[in-house]
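The values are calculated or read from the model by the stated rules, or taken from the named source; none is laboratory data. Since we're looking at a predicted model, the values are computed, not measured. Heads up: the accessible areas ignore ligands, DNA and RNA and are worked out on the full protein's heavy atoms, side chains in. Shrake-Rupley method; radii C 1.70, N 1.55, O 1.52, S 1.80 Å.
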Amino acid sequence: MTDMKHLLSIEHAAPADLRQMIADAATWKRERGRHPRQPLAGQSWAMIFNKASTRTRVSFEVGIRELGGSVMFLSAAEIQLGRGEPIKDTARVLGRMVHGAIMRTYRQADVEEFARFSGIPTINALTDDEHPCQILADLFTFEERRGPIQDRVVTFVGDAACNVATSWIFAAAKLGFELRLAAPRAFQPAPELLARAGGRVRCTEDAHAAADGADLLYTDVWVSMGKEAEAAERLRALAPYQVNAALVKRARPGALVMHCLPAYRGKEIDEATFEANADTIFTQAENRLHVQKAILAWIVS
Ligand code: CP
Ligand code: NVA
């Protein structure tokens with residue numbers, strides 16, 4: 001066991017660690033059902049979720065069990081956290097009982113505080129700022145189908161200021177690909193964030209120009225969890241940023257279309273484009289499981 005590891009963001013992840021997890025995911029995928037390693041044997045993990053989840057929840061629950069560990073799902077609303085017990089107290093209690101924690105919530109600072117006070121490996125399972133586990137699965141899926149992502153062109157279309165887009169932004173410099181963000185001005189990331197990230201990242205309001213020759217077209221929901229009050233304004237402003245046949249035509253022939261799910265047909269992607277790319281999109285969802293194992297194995301090593 002080396003120093004305590006966490007996966008709290010892509011921003012603060014080391015490129016070598018990202019590379020290791022992506023490579024290891026391929027092994028976990030190949031060896032599913034006959035894993036020679038059980039890195040979580042004898043361990044109990046807690047999942048503290050303050051937002052809905054299908055993929056992240058199921059992939060971690062199954063992944064932890066298949067790595068020899070046991071897992072408890074704690075809905076934040078049903079533990080004392082939901083009645084106002086401070087994060088730092090919850091963290092110090094859980095840190096004395098379980099071996100690792102996975103947290104989905106609103107504020108990035110809350111996951112960081114949990115990691116600091118719990119003293120156990122902590123994984124960000126989505127905050128308002130980042131979704132690092134998702135982006136690792138996306139990178140793995142791209143490379144599984146198309147080879148190294150280095151120097152390829154990724155175009156993110158839609159709410160380019162959301163958590164998933166932000167994790168893509170921080171991945172670009174670390175893994176050396178070009179990232180284009182197509183969004184209305186109000187849904188583009190802050191210049192300060194782009195400066196922090198570095199790398200080849202460009203923002204535009206022109207989705208078609210951004211898609212030109214792209215190797216990957218990527219989108220996410222227009223109304224992220226917690227933004228429901230802004231739904232009407234978001235649907236109006238983002239309407240021109242749908243991934244559809246006209247947009248796909250601008251990309252490189254054979255370009256991948258990916259979506260982190262859940263998908264809202266007729267909004268960020270149309271039904272025909274979604275179904276035409278369903279095999280990639282559901283492989284991307286499946287890969288969450290293989291990548292979660294890689295993250296867990298890395299974090300306890
Ligand atoms: N993509 C993703 O994180 O899905 P869930 O919200 O269902 O976990
Ligand atoms: N940006 C979305 C991702 C869902 C997996 C949200 O935060 O709701």
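Quick look at the values:
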quantity	calculated
Links that overshoot a 29 Å alpha carbon limit, given the list LYS174/LYS267; LYS174/LYS293; LYS88/LYS293; LYS29/LYS227; LYS227/LYS249; LYS5/LYS227	LYS174/LYS267; LYS29/LYS227; LYS227/LYS249; LYS5/LYS227
Computed over segment 14-78, Kirkwood Rh from alpha-carbon pairs, angstrom	13.3 Å
The chain, accessible surface, carbon-and-sulfur percent (1.4 angstrom probe)	51 percent
Equivalent ellipsoid dimensions for the chain as semi-axes, Å, which come from the Cα gyration tensor, largest first	31, 22, 17
Centroid-to-centroid separation of segment 150-192 and segment 47-72 [C-alpha atoms, Å]	27 Å
Per residue Cα convex hull volume in Å³ - calculated over segment 234-282	76 Å³
Per residue value of the accessible surface for the chain (all protein chains in place, 1.4 Å probe), Å²	42 Å²
Convex hull (Cα only) mean projected area of segment 92-214, reported in nm² to one decimal	8.4 nm²
Nearest-ten-degree value, helix 163-175 long axis tilted from longest Cα axis of the chain	90 degrees
At 0.890 mPa s and 25 °C, Stokes diffusion of segment 118-180 via Kirkwood alpha-carbon radius, µm² per second	197 µm²/s
Helix-derived mean residue ellipticity, 222 nm - over the chain, DSSP H n ≥ 4, -39500 (n - 2.57), to 500	-13000 deg cm²/dmol
nm² value of the averaged projected area, convex hull over the Cα atoms of segment 212-301	7.4 nm²
